[in-house]
1. Using a 1.4 angstrom probe, figure out how much accessible area segment A:13-76 has per residue, in square angstrom, rounded to the nearest whole.
2. Total accessible area buried between chains A and B, 1.4 Å probe, in Å² to the nearest 100?
3. Could you tell me what % of all Cα pairs in segment B:1-151 have separations over 21 Å?
4. What does the charge add up to near B:Thr151, with Lys and Arg as +1, Asp and Glu as -1, over the other residues with Cβ less than 15 Å from its Cβ?
5. Cross-chain or 8 or more residues apart, Cα under 16 Å: how many lysine pairs in segment B:1-101 fit that? Count them up, please.
6. On average, how much area does the Cα convex hull of segment A:67-124 cover when viewed from any direction, in nm²?
7. Translational diffusion coefficient, Stokes-Einstein: compute it for segment B:228-357 using the Kirkwood radius over C-alpha pairs as Rh, at 25 °C and 0.890 mPa s, and state it as an integer in µm² s⁻¹.
8. Put a dot 7 Å past each Cα toward the Cβ at A:Ala2 and B:Leu219; how far apart are the dots in nm?
Amino acid sequence: MAFYSEKVMDHFANPRNVGEIKDADGVGEVGNPVCGDMMKFYIKVKDNKIEDVKFKTFGCGAAIAVSSMVSEMALGKTLEEALEITNASVAKELGGLPPNKMHCSNLGADALHKAIENYKKKGV
Amino acid sequence: MKQIYLDNQSNTKMDDIVFDAMLPYLKENYGNPQSIYSLGQISKDAIEQARISVAKLINAQNNEIIFTSCGSESNNLALKGFAYANLKKGKHIIVSSIEHFSILNSVKALSSEGFEITYLPVDGEGFVNIKELKKALRKDTILVSIQHANTEIGVIQDIAGISKIVKEKNISMHVDAVCTAGIIPIDVASLNIDMLTLASSVIYGPKGAAALYVKKGTLIKTQIDGGVQEFSKRAGTENVPAIAGFGIACDIAMSEMQKNFDYTKVLRDKLINGLKDKIEYIYLNGSINNRLPNNVNFSIEFVEGEALFLMLDAKGIMAASGSSCASKSLKMSHVLTALNVNTAVGQGSIVFTLSKFNTSEEIDYVIEEFPKIVERLRSMSPLYDHFIKTGTRMKAGPGTDYDDHDHEHCDNI
């Protein structure tokens with residue numbers, strides 16, 4: 001059996017929504033270069049919905065696949081729905097992750113939530 | 001799709017001649033070498049023939065070669081076997097900090113049983129610090145174990161120089177030569193060492209066979225109790241086909257040594273220079289001068305090693321990495337750590353190890369494809385983005401807003 005699921009490899013090889021949004025409404029960053037994983041998420045919000053999402057990720061195959069999957073799951077969702085995306089649900093959508101990758105590389109949902117928090121703070 | 005195998009320090013493709021030589025012992029010659037009837041003696045002869053070949057490769061006596069199943073087993077036997085057999089002499093052992101895990105974990109096990117271990121540092125190029133070695137030698141030091149060359153960075157230690165210092169104090173010396181035996185000349189007699197580990201699967205031989213050279217008169221305690229195989233130093237029915245193949249692999253290695261050395265070195269230098277010319281912010285790990293002719297180890301800044309080798313794999317190129325994410329333990333390679341490689345930069349480590357089967361065209365292909373992969377990963381890297389926009393490297397550590405995540409897995413901050 002391959003180390004990663006087919007879905008992980010697909011999202012790694014063809015990541016969706018890579019890039020940055022110059023006039024983003026919210027930006028969220030997690031990870032640490034020293035640990036080998038870092039993710040930065042950008043969101044554009046309209047009518048309480050995530051209208052656009054982009055990310056940049058430094059990390060392993062899982063980290064890139066997770067970022068891509070989170071971006072796909074978040075797109076078009078309301079902020080409340082997007083906040084319900086968890087690291088666990090992302091891993092599930094990807095058809096599972098190797099056990100040692102569950103905690104280190106699976107930070108995408110955290111990065112998204114930080115971007116939403118950042119947006120909400122700006123709104124206050 | 002192309003298949004370009006560049007992880008030859010992990011395992012080499014078997015030589016066809018070796019494979020053919022093994023076949024009879026997998027089929028018709030199935031006797032147990034310990035049996036006295038003819039079928040048993042055919043197997044016994046194969047083992048003794050292989051013993052001659054292994055001994056010749058390192059200039060040892062035949063009865064100084066003990067066959068084992070792998071390099072790790074040889075290293076365990078050397079370290080634990082020697083320590084337990086020489087308890088009366090002392091309980092202090094010295095190893096380098098960049099040894100293979102079979103050495104490091106053997107001495108770790110010994111330390112839990114009352115042995116004291118000193119780990120020698122290496123300099124930025126990967127060489128064992130001789131001053132530190134001299135300082136570390138004590139009256140109760142029984143053994144010094146230093147690798148001949150390192151698996152990851154290919155740096156070749158000055159074993160003759162180290163051995164001279166160690167033997168002056170009448171201390172025994174073990175050398176892990178898995179990376180060098182069959183690749184560069186080794187003469188255990190002139191090196192004046194007591195034990196040496198060598199393995200089959202990295203010199204175009206099969207897995208399942210390795211050896212430990214034990215100088216006559218050196219006491220070691222068996223780590224597998226049982227019968228009288230291997231001079232009662234390693235019980236268990238011998239893996240005859242693998243040992244026979246190992247012997248042939250040693251014969252071939254000896255006759256082709258200079259040719260293979262020159263051939264792979266040309267490819268190595270082509271790959272090093274080709275990648276350096278095409279990729280910015282790329283750093284060679286380990287000394288360029290005293291280095292295995294087949295080792296290339298780069299840190300590529302702003303990208304991560306596992307992502308690099310997965311993308312290489314998608315192009316049919318197989319390589320290794322020393323990044324945290326590429327290791328099951330989620331720690332950056334202990335070798336890069338010992339070399340004091342910046343931890344963020346070391347995450348982008350990629351290791352190519354060449355063999356006599358690689359071609360110049362294959363290297364061209366890697367030089368063509370790899371820079372594109374680096375560029376692609378950098379285009380999605382927030383670290384590179386930050387560097388391009390600000391000209392500075394993103395700092396990590398307390399106070400940054402991305403540091404409050406749970407990083408208990410990350411031992412290298």
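1. Working: 1870 Å² over 64 residues.
On a per-residue basis, 29 Å².
2. Details: alone 6580 and 18810 Å², together 22470 Å².
Accessible area lost upon association: around 2900 Å².
3. Details: 6978 of 11325 pairs.
Counting every Cα pair in segment B:1-151, those more than 21 Å apart make up 62 percent.
4. Details: positive: B:Arg291; negative: B:Asp7, B:Glu99, B:Glu152, B:Asp176.
Taking every other residue near B:Thr151 into account, the sum is -3.
5. Working: B:Lys2/B:Lys13; B:Lys27/B:Lys44; B:Lys80/B:Lys88; B:Lys80/B:Lys89; B:Lys80/B:Lys91.
So the count of such lysine pairs works out to 5.
6. On the way: hull surface 15.9 nm².
Mean shadow area of the hull around the Cα atoms is 4.0 nm².
7. On the way: Rh = 17.0 Å.
In µm²/s, the coefficient rounds to 144.
8. Rounded to a tenth, the inter-label distance reads 5.6 nm.
The values are calculated or read from the model by the stated rules, or taken from the named source; none is laboratory data. Keep in mind it's a predicted model, so treat the numbers as computed, not measured. Cβ coordinates were reconstructed from backbone atoms using ideal geometry, including for glycine residues, and neighbour counts include every protein chain displayed. Note: accessible area is taken over every heavy atom of the protein model, side chains too, but ligands, DNA and RNA are not part of it. Shrake-Rupley method; radii C 1.70, N 1.55, O 1.52, S 1.80 Å.
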